[in-house]
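A.B. asks: Below is a structure I'd like to ask you about.
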Amino acid sequence: MRKKIIAGNWKMNKTVSEAQNLADAIKRDLDSEAKVDVVLCPPFTAISAVSQAVSGTQIAVGAQNMHFEASGAYTGEISAEMLREQYCRYVILGHSERRQYFGETDESVNQKTKAALAAGLKPIVCVGETLEEREADKYQDVIRTQINGGLAGLSEADFKNLVVAYEPVWAIGTGKTASPEQAQEVHAFIRSLLVELSSQAIADTVRIQYGGSMKPANAAELLSKPDIDGGLIGGAALDAPSFIGIVKAAIEA
Ligand code: PGA
């Protein structure tokens, strides 16, 4: 049985004080829940405050990006070690917004994934097709390329610390969710790719999150599918009651 994992991707939202308030509100309701892994991913500037707010609870903190080098002349960048120092345990890598607006490629995702794992962070590696690619029935090819490129050269031990997020680009922030059947089909496909890269036994341990307009009203049905092991939540993670509603759906799934 894979433990479900619900992560909030706050994107470029929340000042430090707003982030603290949101983390406090989530913590109040979820403090002792250990049945599901809960991860909050604020912007870099609020990581330290959110880490402090949730310290001593089961709630973990993650970042939304990092650089693959440990240090050096990379203006504007943040390393895995810097995130670890702020008590980050996870890092989202290869989000479609980073691929679309910031030139992220499967190669850079691969470099970052390896650097994150080497530093003891658990990467949440995002894959997903655009609407055009789905309509042209190319989504399996796209996802195969993203998975094989992003996860090339990982060891068995690495896979055990990996989380994959399937986020169809057409469902992100659009209110359009993949149907539970559509999502399950891709999740099972992703798991078959993980088997090719590792083994059945290892692929069976990797959690695959769904992301794209997940909310309390559709979470239970999505999370009831056999290969949907959690959610990566954008918009609905910015509001404590709706994020908590999704976590509760995962606890009951
Ligand atoms: P959304 O975003 O829940 O707002 O669709 C998900 C994500 O981009 O991680």
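The values are calculated or read from the model by the stated rules, or taken from the named source; none is laboratory data. These numbers were taken from a predicted model, which means no experiment stands behind them. As a convention, Cβ positions derive from the backbone with ideal geometry for all residues, glycine included, and neighbour counts pool all protein chains shown. Accessible surface is based on the protein model in full, side chains and every heavy atom, while ligands, DNA and RNA are left aside. Shrake-Rupley method; radii C 1.70, N 1.55, O 1.52, S 1.80 Å.
A.B. asks: Count, please, the residues in segment 133-153 that happen to be surrounded by fewer than 19 Cβ atoms within 10 Å (Cβ to Cβ) and not in a helix (DSSP H, G or I).
C.D. replies: Within segment 133-153, residues that are surrounded by fewer than 19 Cβ atoms within 10 Å (Cβ to Cβ) and not in a helix (DSSP H, G or I) number 5.
A.B. asks: While we're on this one: Taking segment 198-216 as the search range and keeping residues that are of a type in the set (A, V, I, L, M) and closer than 16 Å to GLY231 by Cα, which one is surrounded by the fewest Cβ atoms within 10 Å (Cβ to Cβ)?
C.D. replies: Filtering first and then ranking leaves VAL206.
A.B. asks: Please specify each residue of segment 234-249 satisfying the condition of being crowded, with 19+ Cβ neighbours inside 10 Å and in contact with a Phe, Trp or Tyr (Cβ under 9 Å, 6 or more places away or on another chain).
C.D. replies: GLY234, ALA236, ALA237
A.B. asks: So, in segment 224-248, how many residues would count as being of a type outside the set (Asp, Glu) and either under 15 Å from the mean Cα position of the chain (by Cα) or within 11 Å of the ligand (Cβ to nearest atom) (or both)?
C.D. replies: 14
A.B. asks: Checking GLU252 against (1) at pLDDT 95 or above; (2) away from the ligand (no atom under 14 Å from the Cβ); (3) open to solvent by 10 Å² or more (accessible area, probe 1.4 Å), only one condition comes out false. Which one?
C.D. replies: Checking GLU252 against (1) at pLDDT 95 or above; (2) away from the ligand (no atom under 14 Å from the Cβ); (3) open to solvent by 10 Å² or more (accessible area, probe 1.4 Å), the one that fails is (1).
A.B. asks: Under 6 Å by Cβ, and 6 or more places apart or on different chains, what pairs join a residue from segment 1-12 that is closer than 10 Å to ASP229 by Cα with one that is within 16 Å of the ligand (Cβ to nearest atom) and assigned to a loop (DSSP other than H, G, I, E, B)?
C.D. replies: Within 6 Å, the pairs are ARG2/ASP229; LYS4/ASP229.
A.B. asks: I'd like to verify a number: residues in segment 110-132 that are modelled with pLDDT of 95 or more, in a helix (DSSP H, G or I), more than 14 Å from the chain's Cα centre (by Cα) and closer than 30 Å to SER179 by Cβ, how many?
C.D. replies: 0
A.B. asks: Condition check: hydroxyl-bearing (Ser, Thr, Tyr), farther than 18 Å from LEU40 by Cα, within 15 Å of the chain's Cα centre (by Cα) and modelled with pLDDT of 95 or more. Does SER96 satisfy that?
C.D. replies: Yes, satisfied.
A.B. asks: Now for a different question. In segment 165-182, what count of residues is obtained for those that are within 13 Å of the ligand (Cβ to nearest atom) and either of a type outside the set (A, V, I, L, M, F, W, C) or open to solvent by less than 10 Å² (accessible area, probe 1.4 Å) (or both)?
C.D. replies: Number of matching residues: 11.
A.B. asks: Quick one: which residue in ALA46, ALA34, ALA80 is aliphatic (A, V, I, L, M), under 28 Å from THR174 (Cα atoms) and open to solvent by less than 70 Å² (accessible area, probe 1.4 Å)?
C.D. replies: ALA46
A.B. asks: Determine which single condition GLU129 fails, assuming it passes every other condition in (1) buried (at least 23 other Cβ atoms within 10 Å of the Cβ); (2) farther than 22 Å from ILE6 by Cβ; (3) without any contact (Cβ under 8 Å) to a residue 40 or more places away in the chain.
C.D. replies: That leaves (3) as the condition not met.
A.B. asks: Can you tell which of ALA116, ALA157 is surrounded by 22 or more Cβ atoms within 10 Å (Cβ to Cβ), of a type in the set (A, V, I, L, M) and away from the ligand (no atom under 15 Å from the Cβ)?
C.D. replies: One residue alone meets the criteria, ALA116.
A.B. asks: I would also like to ask the following. VAL195 fails exactly one of the following numbered conditions: (1) of a type outside the set (Phe, Trp, Tyr); (2) more than 16 Å from the ligand (Cβ to nearest atom); (3) crowded, with 18+ Cβ neighbours inside 10 Å. What is the number of that condition?
C.D. replies: Among (1) of a type outside the set (Phe, Trp, Tyr); (2) more than 16 Å from the ligand (Cβ to nearest atom); (3) crowded, with 18+ Cβ neighbours inside 10 Å, the lone unmet condition for VAL195 is (3).
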